[in-house]
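The structure under discussion appears below in the form of structure tokens.
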Amino acid sequence: MNMSLRFYMFVLALALSLANVNLQAQVESPMPVVVVTDSKGEVTELSFGDEYSGEAPLKLELLANAPELEGYSLVCSWDFTREGEAFPFLTRYDAALEYEVRESGTLIIQPKIVYTSIDNPEIVWEFGAQDFEPFRIIVAESRIDVPNAFSPNGDGINDFYNVYNVKSIVEFNAAIYNRWGQQLYSWGIDQIGCEECGWDGTYKGKPVKDGVYFVVVTARGADGVSYDIRRDVNILRGYTENASNQ
């Protein structure tokens, strides 16, 4: 390599270094966040490196919080990787995006933010794994409990029939039938796990008789488990919490 070429490369490297120093002086470091909303509407904001444990489905809002800079292009990307896997299964490019988590396990999200000079593409300022620890989203395995009785007597205890102890259920449908196979009530995923949602023991606004009815539940968990539950449901209006403790 001749002296003139060496000198040119030295000058170029020095110029790139000074350009990057100048860029860093102009821009605050990006601060990416992930906003998690669970199925109950509760919102949690995560900073990079944070870990969140919850139940599917989860709605994520990913925000790069990277300021625009005159004279530079800005590219924001997010790598989605399942724990234990070597490569991302998905890469999304946007400064702000939404993503829904519907699978159990641990999801690792790695942000990357790159500034590139429009006049000189060799001037690049990159924020990646060396600057941001990844976000970790841990989703529990699925579970669903289907009771066999309730007491719609207005005492405020077990007045509605529903499924409980629900975890990471992403698809759900249920229906109540009488002994002749007539459907009396049905409900979906928006009502599960709610103490004042579900069947109140009426049909067309009138209370049905005490006795045995039948529930059919079909559901799918974030872990891929399918549920097909069919069982008796007993209406016991005479049952009260006080009577059971005597």
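Results, tabulated for the structure shown:
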| quantity | calculated |
| --- | --- |
| Residue tally, condition in a strand (DSSP E or B) and among the charged types (D, E, K, R), over region 94-116 | 3 |
| Unmet requirement for residue 5, which otherwise passes all of (1) in a helix (DSSP H, G or I); (2) at pLDDT 95 or above | (2) |
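Okay, residues lined up against (1) among the basic types (Lys, Arg); (2) at pLDDT below 95; (3) in the same structural domain as residue 169 (by TED's automatic domain parsing); (4) not in a strand (DSSP E or B):
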residue	(1), (2), (3), (4)
41	no, yes, no, yes
60	no, no, no, no
76	no, no, no, no
92	yes, no, no, no
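The values are calculated or read from the model by the stated rules, or taken from the named source; none is laboratory data. From a predicted model like this one, the values you see are computed outputs, not experimental measurements.
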